[in-house]
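Take a look at the structure set out below.
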Amino acid sequence: MIRFLPYARLLRLPNVFTAMADIVMAALAAQALPERWLPFLCILLASSLFYSSGMIWNDYFDIEQDRKERGFRPLPAGDISTGKAAGLGWTFMLMGLALCVVADWGPDGFRYHATLIALFLVAAIFLYDAVLKRTWAGPIAMGACRFLNILLGLSIAGHAPHAWGWGLALVVGLYIVGVTWFARTEARISNQTMLLAGAAVVFASLLTALMIPTLVQDANLAHEPPIVFPYLLVAFTIYLAAAYLPALQRPLPRLVQAAVKRSVLGLIVLDAILAMAVAGYIGLVILILYVPSYLFGRLVYST
């Protein structure tokens, strides 16, 4: 357990399940299961590896700042060497790309959809971690990573996404832009104006999600969006607001970090609600991923 914890912290293990939730949501929405189970498993594992690699590179490039602000993290604490971290980061990236290549092979030959999106995703991860994180474009780059992760999941179907697929990617990407913006100065007392702007983007993304049923109906899919969809979305909004309001009133690190953690793990809930809008009530099966995410979150930090 002692040797496991530094790596679990480096990878932000509780958050990996949010990447999985993106892929399951996309696969259910695209009605790619169970027929395309092999591409699904490949993309599910690839997404987890890309996310984990991104967390590794995040700490790798942030090591000097972490030595000043977060000395308890595995790299500045010396629990894991930077060399081992870099080696693991490259390994995860290459394994993820290899799995996407496998997912693209089928009876009709090589489709290239997943591999192309994965290459863009890898580029976005490195751009965020190494170049853009501390600039105004940082939250947009992080949102682009999630946007591409949804598209990666939709590639399981073997064709370009429909309008509702782009809508799903937009909602999740915009949500993460807001969460990243809100979390930018979580290690110290935050600027209330910045927090308010980040929160506004988060809740704007949830408002944008209301367009999904219309896109689904326009596509004439077999599943009608359940009538409870908007009510679950409102309940989720209230759930987030209960953590955001205290942080906005008193922008202390512990309150901001609590709101960020709820938002990150809450992405699993949002994915389940969005999946339900496209695939029906079966989408709620994604909520199962919240259990390991929550349990590991009691042992390992998420932000």
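The values are calculated or read from the model by the stated rules, or taken from the named source; none is laboratory data. Please read these numbers as outputs of a predicted model, since none were measured by experiment. Quick reminder, even Gly has a Cβ in these numbers, built from the backbone with ideal geometry, and neighbours come from all protein chains shown.
In this structure, is GLY173 assigned to a helix (DSSP H, G or I) and more than 16 Å from the chain's Cα centre (by Cα)?
Criteria not met by GLY173.
Please list, ordered by first then second residue, the pairs with beta carbon atoms under 6 Å, 6 or more apart or interchain, first in the stretch 154-167 and farther than 13 Å from THR208 by Cα, second of a type in the set (A, V, I, L, M, F, W, C) and not in a helix (DSSP H, G or I).
Taking only residues 6 or more apart or on different chains, the pairs are LEU154/ALA30; ILE156/ALA32; ALA157/ALA30; ALA157/ALA32; HIS162/ALA219.
Where the second residue is in a helix (DSSP H, G or I) and among the polar types (S, T, N, Q) and the first is touching a residue at least 40 places away in the same chain (Cβ under 8 Å) and surrounded by 13 or more Cβ atoms within 10 Å (Cβ to Cβ) and lies in the stretch 69-95, which pairs have Cβ atoms under 7 Å and are six or more apart or on separate chains?
LEU75/THR82; PHE92/SER52; PHE92/SER53; MET93/SER53
Tally time: how many residues in the stretch 114-162 are outside any helix (DSSP H, G or I), more than 18 Å from the chain's Cα centre (by Cα) and farther than 19 Å from ASP271 by Cβ?
Result for the stretch 114-162: 6.
Within the stretch 223-281, can you find the residues that are within 16 Å of SER190 (Cβ to Cβ) and among the small types (Gly, Ala, Ser)?
ALA243, ALA247, ALA258, ALA259, SER263
Quick one: would you say VAL101 is under 18 Å from ALA124 (Cα atoms), surrounded by fewer than 22 Cβ atoms within 10 Å (Cβ to Cβ), β-branched (Val, Ile, Thr) and touching a Ser or Thr at 6+ places or on another chain (Cβ under 7 Å)?
Spelling it out, it is not the case that VAL101 is under 18 Å from ALA124 (Cα atoms), surrounded by fewer than 22 Cβ atoms within 10 Å (Cβ to Cβ), β-branched (Val, Ile, Thr) and touching a Ser or Thr at 6+ places or on another chain (Cβ under 7 Å).
Kindly indicate which of PHE236, PHE296 is under 21 Å from the mean Cα position of the chain (by Cα) and modelled with pLDDT of 95 or more.
Result: PHE236 is the single residue among PHE236, PHE296 that is under 21 Å from the mean Cα position of the chain (by Cα) and modelled with pLDDT of 95 or more.
Would you check which residues across the stretch 212-228 are crowded, with 17+ Cβ neighbours inside 10 Å and at pLDDT 90 or above and list them?
ILE212, PRO213, LEU215, PRO226
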